[in-house]
Amino acid sequence: MALGVGNTMSFREEHELHKRRFGRNVGLGVVLGSFVALVFGLTIAKVTSGDLAIQPATQSATQNEVSQ
Amino acid sequence: MSDASINTKTVDAGYGDAGFGDYFALLKPRVMSLVVFTAFVGLLAAPGVVHPMIGFASILFIAVGGGASGALNMWWDADIDAVMKRTKSRPVPAGRIGADEAKALGITLSVFAVVMLWLASNIVAAGLLAFTIFFYVVIYTMWLKRWTPQNIVIGGASGAFPPMIGWAVATGGISVESVLMFAIIFVWTPPHFWALCLFMNSDYEKAGVPMLTVTHGRRVTRNHILAYTLVLVPIAIGAGFTSIGGPIYLAVAVVLNALFLIGAFRIWRRSEDAAVADKYRVEKKFFALSLFYLFGHFGAIMAQAALAPYGIGGW
């Protein structure tokens, strides 16, 4: 390929802008990774503390009878 | 498109080239730290036990919600932020982030924070967070801030909600104690900000924000600082006789309120000439004390809650 020296340099030159973009991308990656970990932790906490427990069908039926 | 054109465009673009820190600054981290602290105290002081992971996530989502409202505030106020010395280096007026980008981020994070808080805790806490964001962005930023010198008084409510939200995370409701924590911050905000306005007046004037100092003068502002302090003292000390109080809180509250009252009285007694002569030393001291005042009260509530399991403190 016949690329000029100037053109090649414009891609490879490390500008302060590229550092900022890299920092932004790394930051976003860390935030998203942390969010995944947080949701996982929340799920474990909810499951172990019984917040997400499904009421047994018999218990629900009994409660309905009582309320009627 | 040539390589050169790509490079030229991106280097000169300005907007869209902000670093990660700029986006973080958009969320007003200093305000967020106060939100985190007071929400945490509300959560800790509330009766009942919350799973640490749920507590941590809830505080985080409250902080994100607070940050989102900060981003929306920066979007709406970009024009006046550019005029004021204190705010002109913020990401939007400085040109590092576009106003529309701040708006998009603010709206997205607001919805995200409310929904996630609902999933993590309960609908009451999520509802309170949604109302807080609405109050800060629509009632305070869009409506009151540029319209009335009472902007700080009513708008201060948005900064007072976090301990109530923290309390709601643990209890799923509202109580006298959580309303009292709200009231402490709500009534504390006017004297805190008006003291700042007394020595930062020119900035608000330049931006056209109708602060009390600009619309009614400094004498009236000094009167108001004393009046609000007189209202604040019984609320802050009264909270000591509820379940969030105790001997530690009461001792801290009595000392801090005495100091705050003396400071407000000194501000009220002073003439403007005397204040100019010593470069607003008393006003600056009162402003610094106001920060310590709030931290002291909520720190004492936290201490009471932390020591309660050991039989120390609490009524």
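The values are calculated or read from the model by the stated rules, or taken from the named source; none is laboratory data. Note that the coordinates shown come from a computational prediction; the quantities given were computed from them, not determined experimentally. Neighbour counts are summed over all protein chains in view; Cβ atoms, including those assigned to glycine, are modelled from backbone coordinates with ideal geometry.
Figure legend. Inter-residue proximity from the range B:54-66: first residues touching a residue at least 60 places away in the same chain (Cβ under 8 Å), second residues surrounded by fewer than 21 Cβ atoms within 10 Å (Cβ to Cβ) and polar (S, T, N, Q), beta-carbon distance below 9 Å, spacing 6+ or different chains. Indicated pairs: B:Ile54/A:Ser49. Listed by position, the helices (runs of 4 or more DSSP H) inside the range B:1-97 whose residues that are modelled with pLDDT of 90 or more and within 12 Å of chain A (Cβ to nearest Cβ) number at least 1 are B:20-26, B:52-76. No other residue among B:Ala160, B:Ala183 is at pLDDT 95 or above, of a type outside the set (Val, Ile, Thr), out of contact with any Leu (no Cβ under 6 Å at 6 or more places or on another chain) and outside the structural domain of B:Phe265 (by TED's automatic domain parsing) apart from B:Ala160. Against the conditions (1) more than 26 Å from B:Leu212 (Cβ to Cβ); (2) modelled with pLDDT under 95, B:Lys145 satisfies every one except (1). Among the numbered conditions (1) touching a Pro at 6+ places or on another chain (Cβ under 6 Å); (2) free of Cβ contacts under 8 Å to residues at least 60 places away in the same chain, the only one that B:Val35 does not meet is (2). State which residue pairs qualify: first residue assigned by TED's automatic domain parsing to the domain that holds B:Ser110 and inside the range B:124-141, second residue in a helix (DSSP H, G or I) and aromatic (Phe, Trp, Tyr) in any location, beta carbons under 7 Å apart, and separation of 6 or more residues or different chains. Listed pairs, sorted by first residue: B:Ala126/B:Trp118; B:Thr141/B:Trp76. Here A:Thr8 meets each of (1) more than 8 Å from every other protein chain (Cβ to nearest Cβ); (2) at pLDDT below 80 with one exception, condition (1). Annotation: B:Thr229 fulfils all but one of (1) more than 21 Å from the chain's Cα centre (by Cα); (2) over 23 Å from B:Ser33 (Cα atoms); the unmet one is (1). Restricting attention to the range B:237-249, and to residues there that are assigned to a helix (DSSP H, G or I) and touching a Phe, Trp or Tyr at 6+ places or on another chain (Cβ under 8 Å), which single residue is farthest from B:Tyr310 (Cα to Cα)? The extreme case among them is B:Ala239.
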